[in-house]
1. Exactly which chymotrypsin sites (Phe, Trp or Tyr not before Pro) in segment 1-103 are in a DSSP loop and have at most 10 other Cβ atoms within 10 Å?
2. Ranking Asp53, Asp74 by Cβ neighbours within 10 Å, fewest first, what do you get?
3. Run the helix sum for the chain: -39,500 (n - 2.57) per DSSP H stretch of 4+ residues, divided by residue count, reported at 222 nm to the nearest 500 deg cm²/dmol.
4. Got the relative contact order for segment 4-114 handy, in percent, Cα pairs under 8 Å and 6 or more residues apart?
5. Could you run the Debye sum over the Cα atoms of the chain, one equal point scatterer each and no solvent, and tell me log10 of I(q)/I(0) at q = 0.18 Å⁻¹, two decimals?
6. Kindly provide the trypsin sites (Lys or Arg not before Pro) of segment 3-81 that DSSP labels as loop, not H, G, I, E or B, and whose Cβ sees at most 12 other Cβ atoms within 10 Å.
Amino acid sequence: MGQMVNLATHILVFALGGDVTGKECGPLASNTWSISCIVIWELTKLIQLERIDMDQDGPEVVRALARIYVWTHDLAVSIQSTNLDFRGDAADELIAPTSVNHKVPLVTRNRRIRSSRLVPLA
């Protein structure tokens, strides 16, 4: 297995549903997955709001999430969030600095984040 990659919320949803692009397959197949802890909150909110159809208590989802490393938010990530070269929603502004702070490439389709000169991308 390669290095670790950090998954944005939408990439996690697509990956769990088997709906990733060819460009995303490489980093997802050959690296260990990690997520920022806010991704778990975002995932459960999307389920609650019925924006995605997923059983958060289902054995497949529970098993998949158990295999993913979860980054906690600390002061360093919070400080890094104030130094980003883009503006996004609160979750994006915590997911991206997690990648910056821990030097872990981010897998995302978000154009604002992808245009960043600071965020390492997979």
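1. none
2. If I rank by nearby Cβ atoms, fewest first, I get Asp53, Asp74.
3. Computed mean residue ellipticity for the chain: -13500 deg cm²/dmol.
4. This gives 38 percent for segment 4-114.
5. After summing over all Cα pairs, the log10 values are -0.94.
6. Filter output for segment 3-81: Arg51, Arg67.
Values in this text are rule-based calculations from the coordinates and carry no lab data. The shown structure was predicted, so the numbers you read here are calculated from the model rather than taken from an experiment. Positions of Cβ are generated from backbone atoms using ideal geometry, with glycine treated the same way; all protein chains shown enter the neighbour counts.
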